[in-house]
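Quick notes on the structure that follows.
The values are calculated or read from the model by the stated rules, or taken from the named source; none is laboratory data. All values derive from a computational prediction rather than experimental measurement. Heads up, the Cβs are rebuilt from the backbone with ideal geometry, glycines too, and the neighbour counts pull from every protein chain shown. To get the accessible areas, we keep the full protein, side chains included, count just its heavy atoms, and leave off ligands, DNA and RNA. Shrake-Rupley method; radii C 1.70, N 1.55, O 1.52, S 1.80 Å.
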Amino acid sequence: MAGSAGPFGGKGVIMLDSDVTRANPEDARRQLVDGLTSRGWITQPQVAAAFAAVPRHLFTPAGTSLETAYADTVVITRRGPDGKATSSISAPWLQAHMLEAARLRPGARVLEIGSGGYNAALIAEIVGPAGTVVSVDIDPQVVANAQDALSRTGYDRVRAVHADGEHGFPPDGPYDAVIVTVEAGDIPPAWNGQLTAGGVLVVPLRLRGHTRCLTLVRRDDHLIATASVQCGFVPMQGDGRDPVRRVPVRGDDAILSLDDPTTQVSADALRAALDGPRVEMWSPVTLAMSMGAAFEALHLFLASQPRPYGILTVDRDRTAGLLDPQDRFCCPTLLTADSLAYLTLRRHDDEAWQFGAHGFGPDATTLVRDLLELLTVWDQHHRDNGSPCITVHPAGTRLPDTERLRLLVPRRHTLTAITWPGGRR
Ligand SMILES: C[S@@+](CC[C@H](N)C(=O)[O-])C[C@H]1O[C@@H](n2cnc3c(N)ncnc32)[C@H](O)[C@@H]1O
């Protein structure tokens, strides 16, 4: 998928008036632009003009209704043998965000990694005939479909190429913007290396299982994020494939995802832990029900702790009463090798939720207390205090010691640092 921002994330979904969309794609496009503009995803006139011009419905699979084509959601276009999506047309809100973040101008040279045609056509509208748009995809069928749709809609000047985007596309570089439309676990040297001096790299980067669409610009020997938005994308294939480890802890009803080579657990011990008692404690920290988007920052804060960490995903119906995480798709979980504690939530009153933690295993009490303590730190120092600074350095860089709270995510090519404002803890 490309676009999901979690159950509480994003700025709401635009559902189109079905009578209008059935009647007329131009009206549907106008409605989409109005919705994206009113929710703040579109602020630049050239981006609005591109969404108004490109016929999104002509890039969707045959049989897709106009309503679906112009709703502000992802449209899946390809699935793998296991039924999981391998390609999609991203949600319009996310495409608008990425296009604005890339600061595209007429005449710009742009590389899109992960194709489909529609987003490349939007880019082509913005950079105009003097610009260059190259769109690479690892799946030859996606490339063929993109070429076909681009040619039918009059955007033949987009160059759709079958290639592994891990290596960029040197023949047409350097680029003013590299826009990655597939979830990456790392940033290979080609993406930064094929940027012009003032170029922008927009990339959905997985940070300990939480994917953030980062807008990265060069600062000395590293990249610094000027914006970060929660999102979901299909994962990268090919040479840059870097899958998250999945540990079933209750058959397939509860999966622990580990996105950090330094976090090691015993799957058998965790399974056994879930057969034991549940430790449950509640925090004085509450969250107004209207403030759902705050979960995004809280999740990244909990993931940023320099300690073993995972994400719990559960089948709510089948695990209710045993596992009741705050987020059934993506719940922050503190770990030791044989114990876990996840974030939970209960209704405090008619207007607020109350946070808590549930723990299992020999270290359950310690982990639950640690989680509550982190909630207090977040509440007192970070919830109203902006987002962390995210920087990406070449692997092996030795960063100066700092008293500030910072997590380092080591990957093959890079070292990502997430630094929170204020003092340590
Ligand atoms: C979300 S889709 C792209 C969406 C598209 N840009 C659009 O118009 O909305 C992600 C694409 O990335 C492709 N992909 C996955 N790994 C890749 C890689 N290593 N290099 C290039 N493309 C890749 C998939 O085949 C898939 O088509």
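Kindly report the accessible area of the chain per residue (heavy atoms of protein chains, probe 1.4 Å, no ligands, DNA or RNA), in Å².
Computed with neighbouring chains in place, this is 42 Å² per residue.
I want to verify a result. In a Gaussian network model of the chain, Cα cutoff 10 Å, which of these has the top mean-square fluctuation: 213, 330, 231?
Top of the fluctuation ranking is 330.
Report the Cα centroid-to-centroid distance between the range 286-346 and the range 247-282 in angstrom, as an integer.
That distance is 12 Å.
Taking the DSSP beta bridges in the range 149-225 as the whole, what percent of them are antiparallel, to the nearest 5?
70 percent
What is the Cα centroid distance between the range 44-118 and the range 168-221, reported in whole angstrom?
If we compute the Cα centre of each part, the gap is 19 Å.
Counting only helical runs of four or more DSSP H residues, what would the 222 nm mean residue ellipticity of the chain come to if each run contributes -39,500 (n - 2.57) and the total is spread over all its residues?
Estimated from H runs of four or more residues: -7000 deg cm²/dmol.
Need one number: % antiparallel among DSSP beta bridges in the chain, to the nearest 5.
Given both bridge residues lie in the chain, the antiparallel proportion sits at roughly 75 percent.
Determine, for each peptide in 107-117, 189-199, 132-142, the mean count of other beta carbons within 10 angstrom over its residues, then list the peptides with the highest first.
Put in order of decreasing packing, that is 107-117, 132-142, 189-199.
Give me the extension gain from residue 247 to residue 157: residue separation times 0.36 nm, minus the current Cα-Cα distance, reported in nm with one decimal.
That pair, residue 247 and residue 157, stretches by 27.8 nm at full extension.
Compute the angle between helix 92-101 and the longest alpha-carbon principal axis of the chain, please, reported from 0 to 90 degrees and rounded to the nearest 10.
The angle comes out near 80 degrees.
Compute the FRET efficiency between residue 347 and residue 294 as 1/(1 + (r/R0)^6), taking r as their Cβ-Cβ distance and R0 = 22 Å, and round to the nearest 0.05.
Taking R0 as 22 Å, the efficiency between residue 347 and residue 294 is 0.85.
Could you give the nm distance between label points at residue 227 and residue 366, where each point is 7 Å from its Cα heading toward the beta carbon?
4.3 nm
Keeping every protein chain in place, order 105, 218 by accessible area at 1.4 Å, biggest value first, i.e. largest first.
Result of the area sort, largest leading: 105, 218.
Once the piece of chain linking residue 217 and residue 412 is laid out straight, how much longer is it, given 0.36 nm per residue of separation minus the C-alpha distance between them?
Net length gain for the segment: 68.2 nm.
FRET efficiency for residue 79 and residue 34, Cβ-Cβ distance as r, R0 = 35 Å, nearest 0.05?
Efficiency at R0 = 35 Å is approximately 0.65.
Can you compute 3J(HN,Hα) from phi for each residue in the range 149-161, using the Karplus curve 6.51 cos²θ - 1.76 cosθ + 1.60 with θ = phi - 60°, rounded to whole Hz and x for Gly and Pro?
Taking θ as phi minus 60°, the curve returns 5, 5, 6, 5, 9, x, 10, 4, 6, 6, 9, 9, 10 Hz for the range 149-161.
Evaluate E = 1/(1 + (r/R0)^6) for residue 62 and residue 130, where r is the Cβ-Cβ distance and R0 equals 41 Å; express this FRET efficiency to the nearest 0.05.
0.75
May I ask you to list the residues of the range 314-352 whose amide nitrogen lies under 13 Å from a point 7 Å from Cα along the Cα→beta-carbon direction of residue 269?
Of the residues in the range 314-352, 335-340 have backbone N under 13 Å from the label point off residue 269.
May I ask you to list the residues of the range 336-378 whose amide nitrogen lies under 11 Å from a point 7 Å from Cα along the Cα→beta-carbon direction of residue 385?
Of the residues in the range 336-378, 377-378 have backbone N under 11 Å from the label point off residue 385.
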